[in-house]
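The values are calculated or read from the model by the stated rules, or taken from the named source; none is laboratory data. Computed from a predicted model, the values in this text were never measured in an experiment. Cβ sites come from the backbone with ideal geometry, for glycine too, and all protein chains shown count toward neighbours.
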Amino acid sequence: MLTNKNILVGVTGSIAAYKAAYLVRLLIKEGANVRVIMTPFAKEFITPLTLSTLSGYPVQSDNFNKDNGSWHSHIDYGSWADLMLFAPATANTIGKMANGVCDNFLIACFLAARCPVYIAPAMDVDMLMHFTTQDNLSRLSEHGVKIITPAEGELASGLFGAGRMEEPEIIVNVIKEYFRNSAILSGRKVLVTAGPTYEAIDPVRYIGNHSSGKMGYAIAQELLNCGANVELISGPVNLNITHKNLKLTKVVNAEEMHAAVIDKFPECNIAIMSAAVADYTPVKICNEKIKKADNNLQIELKHTIDILGDLGKMKKDKQILVGFALETENESENAFKKLVNKNLDFIVLNSLKEKGAGFGFDTNKVSIIDKNKFCQNFDLKSKTDVAKDIINKIIQISI
Ligand code: CTP
């Protein structure tokens, strides 16, 4: 499963560093090419000789060789790696990673890496729960670093709690799962819409909605993790996403989103329309700011173009079209009607009634209803996990 995958293992100064030896051995047994970088402090816990013998490659720790002055390029290491794994990752290294504190060769490689990064934290329970560590982990996670949650158990300090670096076998399974998934949608092009649209009333005001874009961006990120090429058409949001397989088109209103989507759809295999497109737009946009002198302001509105409906009409047999529905009554029935009217393969029904679901939250609760009226109800979960459920459904129906 890991044959010829280049894995860069970063070992930092924790007592759990002894587990890195077994981890490297397992990765090699799976067929991976492994290079190890140690922080200076990690060498107090386990010798470079152990890890270079197991990996079959000299262990690096410094930017240059102190004996002959030859340079070790962090850029070369960063671009060599298909995946970078920090195991164990100490609170100190996590803090440096989250803040770009580049005072050793390992962090320089992290900053230069273009590949996915996994970290297996190891520390005492209080250090793990400290707000600074939690903030740093959240920041890394927001930027796509995958955290392999530490296990609970007896810690080196004698305390009991969370903080034990996960066992090497489990870490290797996580890595194998990443490589299995990373190819599953390779060669597929997927169109995703995200966020709200803003419909201008005058130069300073607009009609909009509370959509944060988090659901659509999570879908785009998970598709990228599965190897897809993603065309993301995004309304105005406060989110960032970058990836070599991503093309991001920013739009403001429904008309611009419609134009971008119609342009890209013919070359896409799959389209997931998660944007909360405004349903109405002003008939006329005032060129000048409307003065409040008029007590009885009336704005005449017209329907925006139904983007999803147009895609349903254009859709070819092999294309998969997924829509979202937000209903407050007869939810499943109305969602299914939408699926039929818009010629969708399945529809994701958002529950607005559940606490923690919907606009602005990091969690969502959805049901997926397909063409055969088969309905799967999912629990409240992170938008990342909801995105995985949606992508699993796509994989199921496209095989
Ligand atoms: N949608 C769209 N174009 C619009 C409005 C909505 O493509 N002008 C898409 C959304 O991206 C979503 C789906 O339609 O995938 C459902 O949106 P929703 O607002 O629930 O449904 P509507 O079709 O607008 O119907 P209604 O508001 O009457 O329920």
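What to note about this one:
- Subset of the range 58-80 [out of contact with any helix residue (DSSP H, G or I) (no Cβ under 8 Å at 6 or more places or on another chain) and touching a residue at least 40 places away in the same chain (Cβ under 8 Å)]: TRP80
- Only one entry of VAL230, VAL277, VAL251 meets the criterion of being within 11 Å of the ligand (Cβ to nearest atom) and among the hydrophobic types (A, V, I, L, M, F, W, C), and that entry is VAL277.
- Look at (1) outside any loop (DSSP other than H, G, I, E, B); (2) surrounded by fewer than 22 Cβ atoms within 10 Å (Cβ to Cβ); (3) of a type in the set (Gly, Ala, Ser); (4) in the same structural domain as PRO266 (by TED's automatic domain parsing) and you find that SER212 fails only one, number (1).
- Selection from the range 294-344 of residues that are of a type in the set (Asp, Glu), farther than 12 Å from MET273 by Cβ and part of a loop (DSSP other than H, G, I, E, B): ASP294, GLU300, ASP317, GLU327, GLU329
- Unmet criterion (only one of (1) within 16 Å of the ligand (Cβ to nearest atom); (2) in contact with a Ser or Thr (Cβ under 7 Å, 6 or more places away or on another chain)) for THR363: (1)
- The range 320-332, residues that are out of contact with any helix residue (DSSP H, G or I) (no Cβ under 8 Å at 6 or more places or on another chain) and more than 12 Å from the ligand (Cβ to nearest atom): SER332
- Test result for ASN238, assigned by TED's automatic domain parsing to the domain that holds ALA335, away from the ligand (no atom under 16 Å from the Cβ) and buried (at least 16 other Cβ atoms within 10 Å of the Cβ): no
- LEU27 vs. criteria crowded, with 16+ Cβ neighbours inside 10 Å and farther than 18 Å from THR90 by Cα: yes
- Within the range 332-384, considering residues that are of a type in the set (D, E, K, R) and touching a residue at least 60 places away in the same chain (Cβ under 8 Å), the one farthest from GLY309 (Cα to Cα): ASP362
- Those residues of the range 366-381 which are away from the ligand (no atom under 14 Å from the Cβ) and surrounded by 14 or more Cβ atoms within 10 Å (Cβ to Cβ), in sequence order: ASP370, LYS371, CYS375, PHE378, LEU380, LYS381
- Per-region count, the range 310-319, residues surrounded by 16 or more Cβ atoms within 10 Å (Cβ to Cβ) and either within 12 Å of the ligand (Cβ to nearest atom) or free of Cβ contacts under 8 Å to residues at least 24 places away in the same chain (or both): 2
- Wholly enclosed strands (runs of 3 or more DSSP E) of the range 108-177 bearing at least 3 residues of a type in the set (Asp, Glu) and modelled with pLDDT of 95 or more: none
- Pair list, Cβ < 6 Å and 6+ apart or interchain, from the range 90-112 residues that are in the same structural domain as ASP135 (by TED's automatic domain parsing) to residues that are charged (D, E, K, R) and not in a helix (DSSP H, G or I): PHE105/ASP62
- Matching residues, the range 232-256, being over 30 Å from VAL283 (Cα atoms) and in a strand (DSSP E or B): LEU246, LYS247
- Filter result (within 23 Å of the chain's Cα centre (by Cα), surrounded by 15 or more Cβ atoms within 10 Å (Cβ to Cβ) and either at positive phi or not assigned by TED's automatic domain parsing to the domain that holds ALA276 (or both)) within the range 337-358: GLY358
- Residue list for the range 178-213, filter: among the charged types (D, E, K, R) and at pLDDT 95 or above: ARG188, LYS189, GLU199, ASP202, ARG205
- Residue in the range 348-367 that is part of a helix (DSSP H, G or I) and among the charged types (D, E, K, R) present: no
- The sole residue among ILE94, ILE7, ILE75, ILE15 that is surrounded by 14 or more Cβ atoms within 10 Å (Cβ to Cβ), among the β-branched types (Val, Ile, Thr) and out of contact with any Pro (no Cβ under 9 Å at 6 or more places or on another chain) is ILE7.
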